[in-house]
Amino acid sequence: MATTSLTTCPYCGVGCGVQVTDEDGAISVKGDKLHPANFGRLCSKGSALADTIGLEDRLLHPQINGKQASWDTALNAVSNGLKKIIEEYGPDAVAFYVSGQLLTEDYYVANKLMKGFIGSANIDTNSRLCMSSAVAGYKRAFGSDSVPCSYEDLEQAELIVIEGSNTAWCHPIVYQRIVKAKQQRPELKIVVIDPRKTATCDIADLHLPIKPGSDATLFNGLLSYINKQQRINWDFVNPHTEGVVEALLAAEKSAAGISQVAQICELSEQDVRLFYQFFADTKKVVTLYSQGVNQSSSGTDKSNSIINCHLATGRIGKPAMGPFSITGQPNAMGGREVGALSNQLAAHMELNNPAHHDLVSRFWQTDNLASVAGLQAVDMFEQIANGKIKAIWVIATNPVVTLPNADVVRRAIEDCELVIVSECELNTGTAARANILLPALAWGEKCGTVTNSERRISHQRNFLPHPGEAEEDWWILSQVAKRMGFGEAFNYQSSADIFREHAALSGFENKGKRDFDISGLAEITDKQYDELSPIQWPVTARDSEGTERMFEDGRFFTATGKAQFIAITPRPPANATDEEYPLILNTGRVRDQWHTMTRTARSARLNAHISEPIIQIHPADAKAYNLKNSGIARLDSLWGNMLARIAVTEEQRPGSVFVPMHWNDFLASKGRVNALVNPVVDPISGQPESKHTPIKVAPYRPAWYGFMFSRTALAPSNAEYWVKIKGDQFFRYELAGETAISDPFSWAKKQLGNDGEWLEFSDQNEKRFRAGKIIDNRLESIIFIAPEFDLPARSWLSQVFSEQTVTDEMRMSLLAGKPGAGLPDTGPMVCACFGVGENTIMEAIASGSAKTAEDIGTLLKAGTNCGSCIPELKNIISNKQPH
Amino acid sequence: MKEKLVLIGNGMAGMRTVDELLKLSPDKFDITVFGAEPHGNYNRIMLSPVLAGDKQLNEIIINDLQWYRDNKITLYTGKTITKIDRVNQQVLSDDGTAADYDRLIIATGSLPVMLDIPGKELEGVISFRDINDVNVMIETAKTHKNAIVIGGGLLGLEAANGLMIQGMNVSVVHRNNTLMSQQLDQEAADLMRAELEEKGMHFLMNHHTEALLGDKRVKKVRFKDGSEVDADLVIMAIGVRPNIALAQASGIQCDRGILVDDTLQTFTPTIYAVGECVQHRKKTFGLVAPLFEQAKVCANHLVDMGIASYVSSVTSTKLKVTGINLFSAGNFIGDEMTQSLVFKDPARHIYKKLVIQDNKIVGIVLYGETGDGLWYFSLLTEEQDISKMRENIIFGQQHIEIPEEHA
């Protein structure tokens, strides 16, 4: 018998509603048709959520120094450890590093414990890496961290400027909403500003492949263009803003005219002019921006340069308009609301504001409230490295993979006196280095609220039992708080208790003074909390149904109530390229993976899209540094190095390369790109410059390349390069080794185990070796070795692992790596949702039955679920058709 | 008045030559054929299937007596030529039959090599050469139990297999460790031996026969190491040698075989020789394919066309033992000049080896999976450059991409 429950997706900041069906333990997911974020749609990652709820590699019991311990022992160890260090070195010797993956209630308790009772502001969140520049930009302009817009504004807009965001891959459902709007209203103009020609450009009327880091110049230029064209909306600017003159002067100074802008941003003049004309001539403009703006040493200035243009034209606080920062994580916004950034207090109040300090002290009934800003992520781990911080509690995040200069971070954690990690996963580089491991609940098990990019609070509900001894993060934190002697303040019985307190604080002596106010929810019963349907804050007695749009009354939360123009003097990225490090490293996400892959790597279909750490590089650069497509490159920066599979593509801007941020030590031997990323941060927001590090690249020249498949997980030996890829009923390992293998057959048996029936192919002179192992007429494992990387495609072998029996015909083909004439090979996975391969699509096109992506959809279903492969489908079509 | 053509030897090579002659110029010659065996002409290669019970004798007859009559060929069966009078261009048989010739073809074939050891004359010690041998084996199998086959070559194994099927307990004696060393490398030979052992065949590898024991009929075989085995029937299959006694006696130039030039002509211009009795450019022959080639060329010259010229070529072998598939050709062992592509699936008794030199196939051994043998063989004989196919060629023709598959 089937039960369904409604929850929200744990991935990006779009915050899609998910409907979960449990049919006698068989879990399946689909989009929640009623959820206003996605109206039933899910992206490839969301659609695969059911693949990721298994308990393998889960942390299910507390551990102390690798040994299982009881909760009581572990919690005492945590509180005693923290107390000891605080007594000896003071509260600033301890720190919490938390996560946008946390629920608001967990977040609230963590922040309250650290700032309110331990008495230090040394709590920061991985959202620091994601949107802290956007926060700082909003606060400078509006006096509050208020995202003005709603997703609906995108659908009503006449011009959408997508700036520094591969929305198609990183916020797929928002992108799909834009695509739909564009289909319904072809006159809707889309401008994409991105050094890369990403999948998002698929719907762009204009793509500006901007020089990395020059965004502020482009928008300063826009501001002065608006001025020169007399398009400044003085009726808005005069009564509602301050500082326009200074902003215009600064803009004029740095970006006098189109030709200067074009030159600095390395764009064509007519493209810049066209963009400026679009913006000036279109009333309903939404500028949607993300990490391309935020992850920069001048990220805050960049966002203000955008906001300036919206203030100048009065395009804010009205339908279909506004500067819209879209966040990366499911609850980045919730973290901002509870104040889990080290420079915030709580409920959008300020640490350095005495009134706020007094207010929160009284509300929490504490006399120990932190009064000075704590350390921001990057500084925090520097202080751990140099020993000033003796204890770190990491909750639901993986800094050894995600922070810049990640090798130093890893050493810092290894050397830290007390490392506490609350995790649901066992295999994270951070958990592996913890003194005390605390098992937390995962998505589907924990229950609480999250806030998405449009200020919409949704319920993330549990539909799975608590596995092992895993617990809610708020419970773990409260238990430690009690043991540290703060019992009364942490006497929570449920997440509803916490939510009510959080809501009450947001309304406490607020009276419209503070943007974040959900006092309308402060009194809700447990039942109402359980049934809470998605609602946009502020939620007050007056706006009990929530608030779709901020600043409709033109009133802002600054001292004067007026929005602030910020005079922007563009700054180039902190580290310029030079002769030794001539290329710009840009990092980011790929379509089907999430963060450090601890969850998404469990799903075979998600691993099929991009299976390895790749470096995308322009053909000209590839030629210059003689990198061959599908070969392996070594990347070096001043801070670290890595190995990545080479993907040569015209979509990359010459001089700049792209590498995904996802791979961790458990999935790739040398795939952590953040080991290379410069530890440079924005002086205001503290956000790292993850999108601009000078690097050099060179071909990696191993003695041999290879791959192996196995039904069971293995530990490859003699392979300096390895990547582990979970498939459907197999694990695949991509391999390369620096020392030749003298006796490949016995090596293969060592890797794969001696048993079973062995097939072997050898061509000693060409150093080509292949062996396969068959048990009970099923392919158990197979290994290919060659002196070059031009090994057979992996797709057919992947399919063989799903076969119940290996026919004689297949058996003879195994070591060829491809079927003989007559056996179909569906080719590399394109549509992860329906598992449609490239060859299948090619055939459909060749047969003439599919001429458009829509045809392919009706024919093969490809692209009809999340739609994020549609750009690829179109590519295949255009490449396939004779020109 | 027609020219007289006499053929000595009613076997496959000789009669194929006659066939070719009849095709080219049916009325040129007045043909007389002498055969030592008392039958029409039959397919000697098919003796194994007959022994194995897969074929009946009548099924392997190529030309029955009626055919000789229809083609106005005088056939003397059961008559052995004892003298060639080159001066008077006349042949004489053991029973005094004489025949004049203008042209003579010697096709006396080969004789099985018999070990010159004590007891070789005992009853039940035979070779595997003709219908009579097969009949003896089949009869013996009805009344006796133990058969010893000396020689683990192609012929020996076919004999052993046949005798096993006839119900005898068969052991194959082989002097070294590699069966069919003319066709197989060690690896393939071992696989085959394993499979034959599964079928119930016994092997005495690295055994050297010293004597055959018994008073009237053979009873035992003794080896140099002193060991003995019971034997009611001993088949000697250690090879053949060209049957040149007659030619030698008649003063025709011989070496190991009757020496012939590229037109199959002997040193005596009126006399030609074809088949296993000849030696052409230092080579003698044991397989049927080159014999048929020779027949064509020889006939061509006998009818004075004089255009064809015989070039001995690489030959491929298959073994006629049901359930055993092997294909072998060329330099299948390889040497310091060659490289090897090897595929093994021992559990399925499959072994494939291609010997490559200068990017061309020069040798082939296929065991268990011979489907691509002829394709490889054509690549070998056509000396095709296989460097572009090298990665997948061992997996067979169906894995060689047709260019458009690259698209």
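The values are calculated or read from the model by the stated rules, or taken from the named source; none is laboratory data. The structure displayed is predicted, hence computed values, not measured ones. Every residue, glycine among them, receives a Cβ derived from its backbone with ideal geometry; neighbour counts consider all protein chains shown.
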**OP:** Check the range B:147-163 and report whether any residue there is at pLDDT 95 or above and in contact with an Asp or Glu (Cβ under 8 Å, 6 or more places away or on another chain).
**Re:** yes
Query raised in the report: Can B:Ala308 be described as part of a strand (DSSP E or B) and small (Gly, Ala, Ser)?
Result: no
**Asked** Condition test on A:Pro209, is it in contact (Cβ under 8 Å) with a residue 24 or more places away in the chain, surrounded by fewer than 24 Cβ atoms within 10 Å (Cβ to Cβ) and over 15 Å from A:Glu158 (Cβ atoms)?
**Response** yes
Looking across the range B:382-397 at residues that are among the acidic types (Asp, Glu) and loosely packed, with under 14 Cβ neighbours inside 10 Å, the single one that is farthest from the other protein chains (Cβ to nearest Cβ) is B:Glu382
Of the residues in the range A:745-768 that are closer than 20 Å to B:His349 by Cα and among the aromatic types (Phe, Trp, Tyr), the one that is farthest from the other protein chains (Cβ to nearest Cβ) is A:Phe745
Here the residues within the range A:113-162 that are polar (S, T, N, Q) and closer than 21 Å to A:Glu548 by Cα are A:Ser144, A:Ser146, A:Ser150, A:Gln156
The number of residues in the range A:448-468 that are in a loop (DSSP other than H, G, I, E, B) and in contact with a helix residue (DSSP H, G or I) (Cβ under 6 Å, 6 or more places away or on another chain) is 1
When A:Ser422 is run through (1) touching a Ser or Thr at 6+ places or on another chain (Cβ under 7 Å); (2) buried (at least 21 other Cβ atoms within 10 Å of the Cβ); (3) closer than 21 Å to A:Ile85 by Cβ, the failure sits at (1)
Note: among A:Ser458, A:Ser506, A:Ser495, just one is crowded, with 24+ Cβ neighbours inside 10 Å, under 25 Å from the mean Cα position of the chain (by Cα) and touching a residue at least 24 places away in the same chain (Cβ under 8 Å), namely A:Ser458
Inside the range A:63-79, the number of residues satisfying the requirement of being part of a helix (DSSP H, G or I) and in contact (Cβ under 8 Å) with a residue 12 or more places away in the chain is 7
Checked A:Phe463, A:Phe490 against criteria (touching a residue at least 12 places away in the same chain (Cβ under 8 Å) and in contact with a Leu (Cβ under 8 Å, 6 or more places away or on another chain)); the one match is A:Phe490
Checked the range A:841-856 for anything buried (at least 20 other Cβ atoms within 10 Å of the Cβ) and either away from every other protein chain (no Cβ under 13 Å) or under 31 Å from the mean Cα position of the chain (by Cα) (or both); matches are A:Ile841, A:Ala844, A:Ala850, A:Ala853, A:Ile856
Note to self: Any residue that is of a type outside the set (Ser, Thr, Tyr), within 14 Å of chain A (Cβ to nearest Cβ) and under 22 Å from B:Thr381 (Cα atoms) - is there at least one of those in the range B:302-324?
What the structure shows: no
(1) within 19 Å of A:Leu667 (Cβ to Cβ); (2) surrounded by fewer than 24 Cβ atoms within 10 Å (Cβ to Cβ) all hold for A:Arg411 apart from (1)
So the helices (runs of 4 or more DSSP H) completely within the range A:347-414 holding 1 or more residues that are over 29 Å from the mean Cα position of the chain (by Cα) are A:354-364
Residue hits (the range A:770-782; hydrophobic (A, V, I, L, M, F, W, C) and more than 10 Å from chain B (Cβ to nearest Cβ)) are A:Ile775, A:Leu779, A:Ile782
Pairs returned, first residue in the range B:267-278 that is in a strand (DSSP E or B), second residue that is hydroxyl-bearing (Ser, Thr, Tyr), beta-carbon separation under 6 angstrom, 6 or more apart or interchain, are B:Ala273/B:Thr266
When restricted to B:Leu379, B:Leu374, the only residue more than 11 Å from chain A (Cβ to nearest Cβ), surrounded by fewer than 20 Cβ atoms within 10 Å (Cβ to Cβ) and under 29 Å from the mean Cα position of the chain (by Cα) is B:Leu374
Residue count, the range A:262-305, condition assigned to a helix (DSSP H, G or I) and of a type outside the set (D, E, K, R), comes to 22
Taking the range B:279-326 and keeping only residues that are of a type in the set (Asp, Glu) and either under 30 Å from B:Asp54 (Cβ atoms) or crowded, with 21+ Cβ neighbours inside 10 Å (or both), one is left with B:Glu293
Quiz item: What do you reckon, is A:Pro465 crowded, with 20+ Cβ neighbours inside 10 Å and of a type outside the set (Lys, Arg)?
Solution: no
Within the range A:783-806, of all residues that are within 12 Å of chain B (Cβ to nearest Cβ) and not in a strand (DSSP E or B), the one surrounded by the fewest Cβ atoms within 10 Å (Cβ to Cβ) is A:Asp790
Exercise for the section: Might you check whether a residue that is modelled with pLDDT of 95 or more and in contact with a strand residue (DSSP E or B) (Cβ under 8 Å, 6 or more places away or on another chain) occurs anywhere in the range A:595-611? Expected result: no
Within the range A:807-825, the residues that are out of contact with any His (no Cβ under 6 Å at 6 or more places or on another chain), of a type in the set (A, V, I, L, M, F, W, C) and either more than 10 Å from every other protein chain (Cβ to nearest Cβ) or under 25 Å from A:Ala703 (Cβ atoms) (or both) are A:Met810, A:Leu814, A:Leu815
Reported set for the range A:312-351 where residues are out of contact with any Gly (no Cβ under 7 Å at 6 or more places or on another chain), of a type in the set (S, T, N, Q) and under 19 Å from A:Gln687 (Cα atoms) is A:Ser325, A:Asn343, A:Gln344
**Message:** Is it the case, given these coordinates, that B:Gly200 is farther than 25 Å from B:Arg44 by Cα, without any contact (Cβ under 8 Å) to a residue 12 or more places away in the chain and surrounded by fewer than 18 Cβ atoms within 10 Å (Cβ to Cβ)?
**Reply:** no
In the set A:Ser710, A:Ser742, the lone residue that is more than 14 Å from every other protein chain (Cβ to nearest Cβ) and in contact (Cβ under 8 Å) with a residue 24 or more places away in the chain is A:Ser710
Listed by first then second residue, the pairs whose first member lies in the range B:118-138 and is in the same structural domain as B:Ala231 (by TED's automatic domain parsing), whose partner is part of a strand (DSSP E or B) and among the polar types (S, T, N, Q), with beta carbons under 8 Å and at least 6 positions apart or on separate chains, are B:Asp133/B:Ser127
**Message:** Within the range B:339-357, does at least one residue satisfy the condition of being away from chain A (no Cβ under 12 Å) and more than 21 Å from A:Gly817 (Cβ to Cβ)?
**Reply:** no
